[in-house]
1. Return the inverse of the average 1/r over all pairs of distinct C-alpha atoms in the stretch 31-112, which is the Kirkwood hydrodynamic radius, in Å to one decimal.
2. On full extension of the chain, what length is gained from residue 42 through residue 2, given 0.36 nm per residue of separation minus the C-alpha to C-alpha distance?
3. Computed FRET efficiency, Cβ-Cβ of residue 104 and residue 67, R0 30 Å: what is it to the nearest 0.05?
4. Would you please put 81-87, 6-12 in order of how densely packed they are, using the mean number of other Cβ atoms within 10 angstrom per residue and starting with the highest?
5. So if I place +1 on the C-beta of Lys and Arg and -1 on the C-beta of Asp and Glu, and nothing else carries charge, what would the dipole magnitude of the chain be about its Cα centre? I want it in debye, nearest 20.
6. Pulled fully out, how much extra length does the chain show between residue 29 and residue 85, if you take 0.36 nm times their separation in residues and subtract their Cα-Cα distance?
7. Once the Cα gyration tensor of the stretch 50-95 is diagonalised, what are the square roots of 5 times its eigenvalues, in whole Å and ordered largest first, as equivalent ellipsoid semi-axes?
Amino acid sequence: MTVRFPVSAVPQKETTYKCMIFDLPQDGDYHLVANKPIIDNVNMMHHIIVYGCGDAGNSSIPLMQPYDCFMSPGGGCSEIIGLWAVGVSGQCHHESSGFRIGVNGYKRAAFE
């Protein structure tokens, strides 16, 4: 599964936090055991945190639309399930571990 922020202009501020909530597959149960970032501008990116969302079904935050945030995406998304920082090429967990997504797991996640 590939999820990306839409192409966006970089604000003229020193530090900007952007978040985006997105749906995860819900046609079965899956385990997130690896992630690999797609970074188009390594000179602008500092880190990415992927949060699993609890019951975000009542959130008023639109899906797949970046919004300003500061160190928390809100919308019931608070459990870290992935991260990236400069110099890291991705993460792999042991195949018998990971994070459950789908019917009996996280149904949404958020980028920060």
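1. Working: mean 1/r = 0.0726 Å⁻¹.
By the Kirkwood definition, the hydrodynamic radius is 13.8 Å.
2. Using 0.36 nm per residue and subtracting the Cα-Cα distance, I get 12.5 nm.
3. 0.55
4. 81-87, 6-12
5. Numbers: 7 positive and 10 negative charges, 28 e Å.
Once rounded to the nearest 20, the dipole reads 140 debye.
6. Stretched out fully, the residue 29 to residue 85 stretch lengthens by 17.3 nm.
7. 23, 14, 9
Where a number appears in this text, it was derived from the coordinates with a stated rule and is not lab data. None of the values given here were measured: they were computed from a predicted structure. Quick reminder, even Gly has a Cβ in these numbers, built from the backbone with ideal geometry, and neighbours come from all protein chains shown.
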